[in-house]
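Structure record follows, encoded as structure tokens.
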Amino acid sequence: MAILETHGLTKRFGGLTAVDDVDLTVDAGETRAIIGPNGAGKSTFINLVTGLLQPTEGSVTFDGTDITGQEPHEIVQRGVSKSFQTASIFPEMTVRENVQMAAMAAERGSFRFDFLKRRDSFTGVYDTTEEMLRAVELWGDRDTNAASLPYGDKRRLEIGIALASEPDLLFMDEPTAGMSPEETDATVDLVERLQDELGLTIVLVEHDMEIIFRIADRIAVLNRGSVIADATPDEVQGDPDVQEAYLGG
Ligand code: ADP
Ligand code: MG
């Protein structure tokens, strides 16, 4: 079943078409990779779907509802979240406070009908905070100041903050960028666990093909704003257009 659909999604910056007439369907529960050369429009696509940018044309449907043009906080409250690099961490707050604040922000005015059932009080916020900190394996560091975490832990805290709104669909834009091999491994394990244990649908942009082949159910390949392939990892690997555009022949 589709959780996300875009139809004719297009973003122009002046004369440049960064995202060009993209029709993409993401099924509930899948891990979808988006790959493509630098400047292909991957981040712009994610920003259009999460409301950080307004499309020039086209539509975005989440869970059967047209969310085109909605504000980012409305889209978060519907159950779509994005892990921002370390930019959304408040360094002077503790690990726990960072996640708790995000949980409280997401709770206000939730559009979801199951909201009363799931989080009807501060107890809900505290439970969510603990659950998400445990999921990203930072519960033991909950009273540490965010500023003093090592880089890989900061990136995991970012993911914890994104999870605090209890999303159904999580976007990750280059989650392993700048990580050591050990931090990268831990992050890949985490993505796999999030999908297995929380039943999340995950859409991630990632350059490392080894990681993609390990975790992606399907891969969409963007080139100059257009989807040039949308298939399983094996099919994408054998696709001559993809080889030419991305994998270097
Ligand atoms: P990717 O994430 O695939 O590397 P981006 O989505 O960041 O690509 O960028 C796609 C294209 O849009 C690039 O040519 C980039 O320079 C351009 N672009 C992205 N954001 C803006 C912006 N805010 N204003 C103008 N051009 C932009
Ligand atoms: Mg990008």
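List of remarks:
- Normalised contact order of the chain, rounded percent, pairs of Cα under 8 Å and 6 or more residues apart: 27
- The calculated FRET efficiency for H7 paired with E174, based on their beta-carbon distance and R0 = 25 Å, is about 0.45.
- Computed extension length for E30-Q237: 72.6 nm, one decimal, from 0.36 nm per residue of separation with the Cα-Cα distance subtracted.
- Stretching M101 away from Y151 to a fully extended chain increases their span by 15.9 nm, per 0.36 nm per residue minus the current alpha-carbon distance.
- Euclidean distance between Cα centres, the stretch 1-43 to the stretch 134-149, Å: 33
- GNM on the chain, alpha-carbon springs under 10 angstrom: the most fluctuating residue among G199, G238, G15 is G15.
- The relative contact order of the stretch 128-249 comes to 17 percent, based on Cα pairs under 8 Å that sit 6 or more residues apart.
- Between T144 and R224, the contour length at 0.36 nm per residue exceeds the alpha carbon distance by 24.5 nm.
- The stretch 153-249: C-alpha gyration tensor shape, a/c 1.5 cut-off, then a/b vs b/c: prolate
- Principal axis box of the chain, alpha-carbon based, largest edge first, Å: 51, 39, 34
We did not get these values from a lab; they are worked out from the coordinates using the rules stated. This one's a predicted model, so the numbers in the text were calculated from it and none came from an experiment. All Cβ positions, even for glycine, are placed from backbone atoms using ideal geometry, and neighbour counts span all protein chains on display.
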